[in-house]
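First up is the structure itself, then whatever we jot down about it.
Just so it is clear, none of the values below were taken in a lab; they were calculated from the coordinates. None of these values were measured; they are calculated from a predicted model. Methodologically, a virtual Cβ is constructed for each residue, glycine included, from the backbone with ideal geometry; neighbour enumeration extends over all protein chains shown.
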Amino acid sequence: MDKPQKDGPADHKMSDSKKNSEKQPVTACLLSAAFFGALGSSFIYGYNLSVVNAPASYIKTFYNKTWLERYGEPITAERSTLLWSITVSIFAIGGLLGALSVSLFIRVLGRKGTLLLNNSFAIIAALMLSLGEMAKSFEMLIIGRIIMGFDSGIALSVLPMYLGEITPRHIRGSIGQFNSILICLGVFTGQVMGLPELLGQESRWNYLFAFLALPAVLQLCVLPFLPESPRYLLMERRDEAGAERAFQRFLGKKDVSQELEEVYAEARAQDNLHIASVPELLKSPAVRWQLITIIITMACYQLCGLNAIWYYTNGILQEAGFAARIRPYITLSTGAIETLAAIISGLVIERIGRRPLLIFGFSAMAVFFSLLTVFLNIQDRVSWMPYLSYICILAVIASFCSGPGGIPFVLAGELFEQSYRPAAFMVAGSVNWLSNFALGLLFPFIQEKLQSFAFLVFVVVCTLGSIYLYFVLPETKNKTFMDISQSFAKINKIPIPSPSHEMEMVLSNKPDVNGRVQDTAKMESSV
């Protein structure tokens with residue numbers, strides 16, 4: 001273990017600045033960016049995860065009626081199933097396409113500009129989905145779903161990147177959890193809006209999809225008046241004045257020299273800042289284990305079994321003796337537990353840390369999946385066992401949202417410095433959506449073969465994920481992006497700069513008259 005080094009004057013100055021930053025209150029500007037950014041992005045994604053469940057039978061009836069009117073004969077059962085399967089699964093295909101296009105959008109439009117453009121996709125998709133019945137076109141619903149998936153693919157990459165870059169490091173995790181909280185709130189809202197008393201009726205199901213336009217419009221009304229990411233402005237646009245103004249508004253103070261110096265140091269450490277492509281990211285030894293970590297974490301996020309849990313919920317409630325008419329209301333408890341657990345995670349993440357919450361979340365899921373497997377196999381023999389099975393389902397959901405449900409997106413922004421971040425989010429997003437699609441494709445076959453033992457597959461995934469994170473992932477809370485990169489330096493076999501060299505990097509970065517970061521050491525040597 002390395003011996004701790006004595007603090008010099010510069011270290012005392014940086015330590016004092018760190019203490020001051022931790023006392024800095026959260027500004028209305030920062031909270032507005034987090035809430036409205038997530039409302040028009042994560043909330044829409046979460047809403048789409050649950051909104052198709054309530055009107056499923058009505059949409060299938062619409063498909064059958066439209067087919068009969070168009071072709072003069074009833075649709076076959078196989079074709080009806082195929083159309084519905086395409087409608088559901090094409091959302092993930094759209095998400096993958098959105099994730100793959102992120103790098104292009106943010107390079108041209110920036111973080112905020114991409115979020116604003118993304119609202120147009122949400123509004124177009126809402127119109128297609130809500131007007132499909134009136135136009136007697138099931139193709140409009142399928143196209144609307146893929147466009148909505150495209151919107152979500154972009155949102156789940158750009159929003160965590162934006163939030164990570166605008167937030168002070170001592171609250172970066174808490175603000176980053178707005179992504180997870182609004183996803184869960186979106187799921188819960190979709191469940192509530194789908195109740196029969198609201199929009200879950202045959203004459204109203206198209207309004208369920210029209211509602212999607214509301215959060216997008218709200219974001220369009222607020223986000224244009226909030227700043228762009230200051231790190232993006234300074235490191236990629238070379239706009240020092242704009243970055244300074246952005247830091248001042250987000251942090252609520254005039255003196256942001258320490259924050260600017262931190263960004264200068266990162267720029268200096270990366271020499272001539274060049275935004276890496278995906279092939280360059282994959283080849284770079286400096287980020288090899290960060291990349292492996294985010295791939296494994298994102299794969300576990302989708303393959304840990306949360307999506308599969310919904311398959312059993314209705315059956316367990318039926319076994320417990322709950323009438324069909326009240327099951328939708330009981331199912332609301334799943335959305336409420338999701339949202340509550342995500343909020344609690346956001347409140348404690350800066351105290352407990354990312355690493356413990358992730359490891360605890362996946363480990364707890366493995367335990368409760370194991371118990372659920374036991375309870376499902378003996379519930380026919382014990383009358384009260386379905387109640388324990390449902391409690392296990394709620395515990396699995398709470399465990400997921402305590403860490404694994406949001407922290408992977410926070411880590412995707414924290415583990416990489418500016419030049420690698422866009423490509424890293426493209427890879428993370430692709431793994432996320434490919435895993436989502438693979439689980440949707442394979443789980444019915446797994447369930448058919450293993451029946452109630454299917455959850456043991458997820459026990460293995462969660463256990464292996466926890467073990468990997470325990471041995472490889474360092475804690476990232478309250479660390480700069482440079483500090484986090486240096487935490488991986490040893491495992492990546494990259495030399496670690498000395499503290500004195502780090503201070504030289506900070507001091508040697510000065511903006512020129514045009515706001516560009518200059519390497520003064522190289523300038524002096526050339527003279």
Only Cα pairs under 8 Å and at least 6 apart count here; give the relative contact order of the chain as a rounded whole percent.
-> 22
Restricting segment 379-481 to chymotrypsin sites (Phe, Trp or Tyr not before Pro) in coil, as DSSP defines it, with at most 14 other Cβ within 10 Å | 384
Taking Cα atoms, how many degrees apart are the long axis of helix 455-472 and the longest axis of the chain, rounded to 10 and kept between 0 and 90?
-> 0
Count of lysine pairs in segment 416-500 with Cα atoms under 26 Å apart, counting only pairs 8 or more residues apart in sequence or on different chains?
-> 4
The chain, helix-only ellipticity at 222 nm - DSSP H runs n ≥ 4, -39,500 (n - 2.57), divided by all residues, nearest 500 = -24500 deg cm²/dmol
Checking segment 202-254 for trypsin sites (Lys or Arg not before Pro) in a loop per DSSP with at most 10 other beta-carbon atoms within 10 Å yields 254
Efficiency of FRET from Cβ geometry, residue 210 and residue 448, R₀ 25 Å, rounded to 0.05 = 0.10
Would you mind checking the tilt of helix 213-222 against the longest principal axis of the Cα atoms of the chain, expressed as 0 to 90 degrees and rounded to 10?
-> 20
Determine the dipole magnitude for the chain: charges of +1 sit on the beta-carbon of Lys and Arg, -1 on that of Asp and Glu, nothing else is charged, the reference point is the Cα centre, and the result goes in debye to the nearest 20.
-> 260
Could you calculate the contour length gain from residue 275 to residue 336, that is, 0.36 nm times the residue separation minus the distance between their Cα atoms, to one decimal place in nm?
-> 17.9 nm
Residue by residue through segment 339-354, which ³J(HN,Hα) values in whole Hz follow from phi under the Karplus form 6.51 cos²θ - 1.76 cosθ + 1.60 (θ = phi - 60°), with glycine and proline marked x?
-> 5, 4, 5, 5, 5, 4, 4, x, 6, 9, 4, 7, 8, 7, x, 6
Please report the relative contact order for segment 261-396, taking Cα pairs under 8 Å with a sequence separation of at least 6, and give it as a percent rounded to a whole number.
-> 27
Loop-only check: which GluC sites (Glu not before Pro) in segment 376-478 are DSSP coil with at most 15 other Cβ within 10 angstrom?
-> 475
Dividing the convex hull volume of the Cα atoms of segment 122-181 by its residue count, what figure in Å³ per residue is obtained?
-> 71
Kindly provide the Kirkwood hydrodynamic radius of segment 108-218 in Å, to one decimal, from all pairs of distinct alpha carbon atoms.
-> 15.3
Could you give the angle, 0 to 90 degrees to the nearest 10, between helix 56-71's Cα long axis and the longest principal axis of the Cα atoms of the chain?
-> 70
